[in-house]
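> Sending over a structure as structure tokens; questions will come in a sec.
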Amino acid sequence: MTFLQEAPSRVLGFDVAQDTIAVFDSAQGKVLTLTNSPSALRKFIAGLEGSCLAVCEPTGGHEGLLIRELTAAGVPCHRADTLKTKAFLRSFGTLAKTDAIDARALALYGLERWKGLALFTPAAREQAHLTALVLRRQDLVALQVAETNRLKAP
């Protein structure tokens, strides 16, 4: 695992949805909404200056494009544990949940804890393929067990 050695000049919190991404920039204190598309992400990332840290949560694979674009551009990225960030947000007494609030919370989480946040490192292509095969096998075994159990039913 790799970690940042110096404090980032700005932290970006990304709340990713299927079609949009809410971004909170700690340097500007503003929330921006982007479309979750390669061209929009490349345009946004090209405008980044200084040392940045990007923080996002896993969202069922919708964050994959964002993480690929960030790592391709050389921007350090941390995929945060959802339970930890929710607890962090609750510690401020915030119970509401919107994209803008989540993006801001992710940026604050990164600002406060940047020293201990492991940076995302993409898996080798072969490793990703093997992982997909193992997950598919697990699905098939579960289906086989379910069908075997159905055969025993009256």
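> May I ask you to list the residues in segment 55-68 that are crowded, with 20+ Cβ neighbours inside 10 Å and either over 10 Å from the mean Cα position of the chain (by Cα) or more than 14 Å from T121 (Cβ to Cβ) (or both)?
Result: V55, C56, E57, E63, L66.
> Right, here's the next one. Just name the residue that is modelled with the highest pLDDT out of those in segment 78-95 that are more than 12 Å from the chain's Cα centre (by Cα) and open to solvent by less than 30 Å² (accessible area, probe 1.4 Å).
F88
> Checking V75 against (1) at pLDDT 90 or above; (2) assigned to a helix (DSSP H, G or I); (3) open to solvent by less than 90 Å² (accessible area, probe 1.4 Å), only one condition comes out false. Which one?
Evaluating V75 over (1) at pLDDT 90 or above; (2) assigned to a helix (DSSP H, G or I); (3) open to solvent by less than 90 Å² (accessible area, probe 1.4 Å) leaves (2) as the failure.
> Which of the residues belonging to segment 105-130 are open to solvent by 40 Å² or more (accessible area, probe 1.4 Å) and either under 13 Å from the mean Cα position of the chain (by Cα) or closer than 18 Å to L83 by Cβ (or both)?
L108, E112, R113, G116, F120, T121, P122
> Only one of these conditions is not met by T98: (1) modelled with pLDDT of 90 or more; (2) of a type in the set (V, I, T); (3) open to solvent by 50 Å² or more (accessible area, probe 1.4 Å). Which number is it?
Only one criterion is unmet by T98, namely (1).
> State the number of residues belonging to segment 8-35 that are buried (at least 17 other Cβ atoms within 10 Å of the Cβ), outside any strand (DSSP E or B) and not small (G, A, S).
1
Okay, residues lined up against (1) assigned to a loop (DSSP other than H, G, I, E, B); (2) more than 14 Å from A107 (Cβ to Cβ); (3) not basic (K, R):
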| position | (1), (2), (3) |
| --- | --- |
| E49 | yes, yes, yes |
| L53 | no, no, yes |
| H62 | yes, yes, yes |
| T71 | no, yes, yes |
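> Shifting gears a bit: Pick from segment 1-34 the residues that are out of contact with any strand residue (DSSP E or B) (no Cβ under 6 Å at 6 or more places or on another chain) and without any contact (Cβ under 8 Å) to a residue 24 or more places away in the chain: which of them is nearest to L108 (Cα to Cα)?
G29
> Are any residues in segment 111-154 touching a residue at least 24 places away in the same chain (Cβ under 8 Å) and of a type in the set (A, V, I, L, M), and if so, which ones?
Those that are touching a residue at least 24 places away in the same chain (Cβ under 8 Å) and of a type in the set (A, V, I, L, M): L111, L117, A118, L119.
> Answer with yes or no whether R68 is modelled with pLDDT under 95 and under 22 Å from A128 (Cα atoms).
So R68 fits the description; yes.
The values are calculated or read from the model by the stated rules, or taken from the named source; none is laboratory data. Small disclaimer: the values here were computed from a predicted structure and weren't measured. With ideal geometry, Cβ positions are generated from the backbone for all residues, glycine too; neighbour counts draw on all protein chains shown. With ligands, DNA and RNA removed, areas are computed over all heavy atoms of the protein, side chains included. Shrake-Rupley method; radii C 1.70, N 1.55, O 1.52, S 1.80 Å.
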